[in-house]
Structure formats: C-alpha cells, structure tokens
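Accompanying notes for the structure given below.
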Amino acid sequence: MKLHIQNNFTAELPADPNDINTPRQVEQACYSYVLPKKPSNPSLIHASVEVANLLGLSEKDINSVDFLNTFSGSTVYPGTKPYAMSYAGHQFGNWAGQLGDGRAINLTEVLHNDKLYTLQLKGAGPTPYSRTADGFAVLRSSIREYLCAESMHYLGVPTTRSLSLMLSGDQVLRDVMYNGNPAYEKGAIVCRVAPSFIRFGSFELFASRKDHVNLKLLADYTIKHHFSHIEGEGVGKYLDFFHEVVQTTLQMIVEWQRVGFVHGVMNTDNMSIHGITIDYGPYGWLDNYDSNWTPNTTDSQFRRYRFGNQPNIALWNLYQLANALYPLIQDAKPLEAILHAFGAEYEKEYLNMMQNKLGLQIKKEEDAVLTESLTELLEKIETDMTIFFRNLSGVTKEDKALTAFGKIKDAFYKDEDLSESVLKDWYDWMEKYTIRINQESVSDSERKAQMNTVNPKYVLRNYMAQMSIDAADKGEYALLNELYEMLKKPYEEQPDFQKWFAKRPDWARNKVGCSMLSCSS
C-alpha cells in the first residue's frame, strides 16, 4: 500500500510543545501530536473502493494487512506523525471555549491526481482535547457516520467522505439516552476524508485568545493550500476568503434543504471552511415534512437546529467567523456587506432549487407563492417529503386536479387526516400546479426526467440506519452492504430496492435511533 504523503499542516503551522496526552488547555498551537490507541483485535467491516481510488489505493490495497493496520490505528504509516487539531466553538449559541479533536486523530495528508486529502480516524482514542470523554466511538454511531457521508456524496451534497469502517475489538461504555443506564457497546473506527478538517472554530480559538499571530498564520496557510486561486495580499485576500466560505456554506445549506437533511448539531466547531458537511452525529432526513423537526434529543426543547432554521443558523455561524477574522481586516463594513447579502442570495438560490424540484425550468416570479403555499400545505398533515416530490414527477399537463392529487396520495401517513378542508387545499394547489406546468415548453417525460435528478427516490432514513445497526451488532453486515449499494444510486429507480421507497413504518415512529437521537456516540 503506497500513499503519496504530504505533511503541510504540521510542517507549516505551530505544534503543541507538550506531548503529554492528557486533557488540558493548549495555547498558541494548531494541533497536538498524538498516537491512536492500538485496538485489541481490529477487523474491517466495509471500505469504499471509490474513496480508496481517490487516494491512489486499489481494491487489493483495501484487503491488505497494511490497510487494516493503518486505518484501525494499529500502526503509524511511515513518514507521518498523527495529530489532533485545536479549535473552539459556539455550541447551541453559547461560547464553549477550547474544544478540539476529542476523538478524531488526523493521520496525514495525501496528494493524488493534484488533489489534497486529509485522512482522519474517528474513535481512535483520547487526545489532549478529549475533556471528560474517552476518545472512542461505538459501532452504531460509526455506521451512521460511514453510511451518511457516502449517501450525501451520491446525493450531490458537499460532504466529507468515508474510506473505511472497522471494529476495534474493544468494548466502549456509553449511556445512550443520558438517563443513568450506561452499557458496553462494540467499539469502532471510521476513516473519514476531506480536503482538510479546518473549521470556523479553528479561527475562533485564536481570535478569542487575541493570538493574532497564529490567527494570521492559519488564515494564510488555509488560503495558500485550499484557496490558492485567491490572488492578492492583505485585507483583500482575507475578504475574498470569507466571501467564498459564505458562498459555499450557502450552497451547502440549499442542498441540505433540497433533500430534507437535518444536521442536528450546527455548532461553529462543526462548520467546515470548505462548505462541506462534517461531523455526522444526531442527523436525520425528514420523513414527514416538518420545518420544526430536529433529530437531536439535546435540542428538543428549543429546537435551535431544526430543519427550517438551518439557513438562519448558517448565517449566525458565519457572523462568528466574521468576528474571528475581523482582527485581520480591521474594518467591519466589508464583512457586514458580505453577510447582509446572504439573506437575499439564499432566497434566490432556495427558490431556484424549489423550482427545479417542481420541474419548472421557465422561471417566473409567481413561483415563490406556489412553493411557499406548497410547504405550508405539506405541514398541515404528515406528508412524506421524499415520496411526495418523487411522485410529483408523474403528474402530467393533461391531468386534472383530482387525478394529479391521486398520484401523490401515497405520500400521506394517515388518510384519516385528509379532512374536506385539507383536500380542498390540495385540489386547489394541484390545479395551480397543472396550470403552471402547462406554461413549460418541455414534454411531460422530459420534465419527469429532470425532476428525478433532483428529487431522490432513496435517502438514509433513520429507521433504515438503525436496522443495519441492529444487524451489525449481531455480526451481520448484509443489510449494511445493501443500503450502501442502494444509496450509491439514490436517483435511479433500482427495482431490486423498491421496498426502501416507503414511508417510515409505525414501529419506528418513536423508537430510539429511528426518530430523534442523542449525541451519545
């Protein structure tokens, strides 16, 4: 197994001079060197051939002893020095101070086909940033992370990738619901891949400590290696960097809303400067369309990170990044101008996304009213978001309102909720929709094909992930493999997987792991 190693991050940024691996405050450093804890009996559950290929590795490499040892943390790859990153963050709107990689250990950077990737083990043991935690991860959360990152990639949502999923052979103690009932679970390790794991909180840490020397070092490093197309020097360079982070973050949120994904923990330490989705904890896809839904039990009271609030939280987080970068710019006005443009730009991109979901290629101003009335209607009764939009592509220009409604009726969870007033609202909306698609120049089949490229048929519903977790706990991985293969082609019909194109079953409505999830992992 041969990797083209780069050590830019550790070569160019300051290291923690203290090599003692105990929880502590780390000053004036971007990272701490730390070795993964050797697992007792590691075994490979699954690996992505496609991600391996991105790194210059083959399927033969995946099945090698070197692969098992390197990506379980058993051995350190030659020429590398693993490290945990230091960063801070706002958690649920409150300043949390230093956080850092509490159980993530970066192995190295790899260069392949002129692209740079950082390889990171999650669940490989404690670091100086672990605080009161043990640094390990359990199988259930590792399966969710592994599957979700790859699912998001194939959906076309910017994300980290998953290279491998391994059992450590060790038991990990966890209190799943934080109710005083801890139990041992199987330990696991995921290797995740990204251009880098630099976060909003990476800049917040230095700004909060008024360490402007290292703040500038980190900003210059980030632009040099990850935003090298940005030209110029001084204030303009940092403004261009911030503007690009704003734009890519905005696009990421639009994609989340398009597929009905809810991150669940949009803290600033979980926001990537690359505009990619990172840190899959208590996430979920909407079953029934509900703008107030959050998958996170910790957030159940205030629902800060609910589906409908994700754009607002993204902007709030970007304000914190702007505050962190301010010492390099010394002028609030250009930062404020970029931030003030976010709302209007988001509304424009959101409307365009919704028009695409509805198959409207000729853009009209009145489409905003059509989409807004639809989302209001979807919330009146339990309506499965994925099934609704996928089946809507079957509506034709010749359909009357009643016929059109019949084509999406399978998306409703309870037929008894369809009162006369609700039915009337649906018939009215369907009439407006059929009138609107008759203003389009494309044929019904062309519109359906276009809609089916943005409205997935298959998403990783929480109950599906939980079923694969339950099986994996028994050492059975067939379901995990099946879901992985299905999720690689979420927009295709895939008749062999038709059973997964279904509403959340009743048994999963309130089952732990199938509705809301805790942060325990």
Rounded tilt (10° steps) of 139-155 against the dominant C-alpha axis of the chain: 60
Fully extended contour minus Cα-Cα distance, from K210 to H4, at 0.36 nm per residue: 70.5 nm
Cut-off 13 Å between beta-carbons: net charge of the residues surrounding I230, Lys and Arg +1, Asp and Glu -1: -3
P(r), alpha carbons of the range 94-206 - 5 Å bins starting at zero, rounded %: 2, 11, 16, 21, 21, 16, 10, 3, 1, 0
V235 versus N181: modelled label distance in nm, points set 7 Å from Cα along the beta carbon direction: 5.9
Highest to lowest packing among 124-133, 325-334, scored as the average C-beta count within 10 Å: 124-133, 325-334
Percentage relative contact order, the chain, counting C-alpha pairs under 8 Å, at least six apart: 14
Lysine pairs meeting the criterion (Cα under 13 Å, 8 or more apart or interchain), as found in the range 420-512: 6
Local electrostatic count at A96 - Lys and Arg +1, Asp and Glu -1, tallied over other residues with Cβ under 11 Å: -1
Which of K488, K115 is most accessible, then next, and so on - probe 1.4 Å: K115, K488
Packing-based order for 86-96, 278-288, 469-479, 424-434, using average beta carbon neighbours within 10 Å, highest first: 278-288, 86-96, 424-434, 469-479
Accessible area in the full protein assembly, largest first, 1.4 Å probe, for E231, E145, E492: E231, E492, E145
Given charges at beta-carbon only (K, R positive; D, E negative), |dipole| of the chain in Debye: 780
Where Cα atoms sit under 28 Å apart: lysine pairs in the range 296-411 separated by 8 or more or lying on different chains: 28
C-alpha long axis of helix 332-357 to longest principal axis of the chain, angle in °: 40
Inter-centroid distance (Cα atoms) of the range 275-324 relative to the range 391-447, Å: 30
E493 versus K511: modelled label distance in nm, points set 7 Å from Cα along the beta carbon direction: 3.0
Tilt relative to the chain, helix 212-226 - C-alpha long axis, 0 to 90 degrees, to 10: 60
Inter-probe distance in nm under a simple model that places probes 7 Å from Cα toward Cβ, at S421 and Y477: 5.4
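What net charge do the residues around S48 carry, taking every other residue with its C-beta under 9 Å from that of S48, with Lys and Arg at +1 and Asp and Glu at -1?
Details: positive: R161; negative: E50, E150.
Cβ neighbours under 9 Å give a net charge of -1.
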Shape of the range 245-319, Cα gyration tensor, a/c cut at 1.5: prolate
The range 384-517: relative contact order in percent, alpha carbon pairs under 8 Å with at least 6 residues between: 29
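The values are calculated or read from the model by the stated rules, or taken from the named source; none is laboratory data. In this text the structure is predicted, and so the values were computed from the model without any measurement. Neighbour counts run over all protein chains shown; Cβ positions are idealised from the backbone, glycine included. We work out accessible area using only protein heavy atoms, side chains counted, and drop any ligands, DNA or RNA first. Shrake-Rupley method; radii C 1.70, N 1.55, O 1.52, S 1.80 Å.
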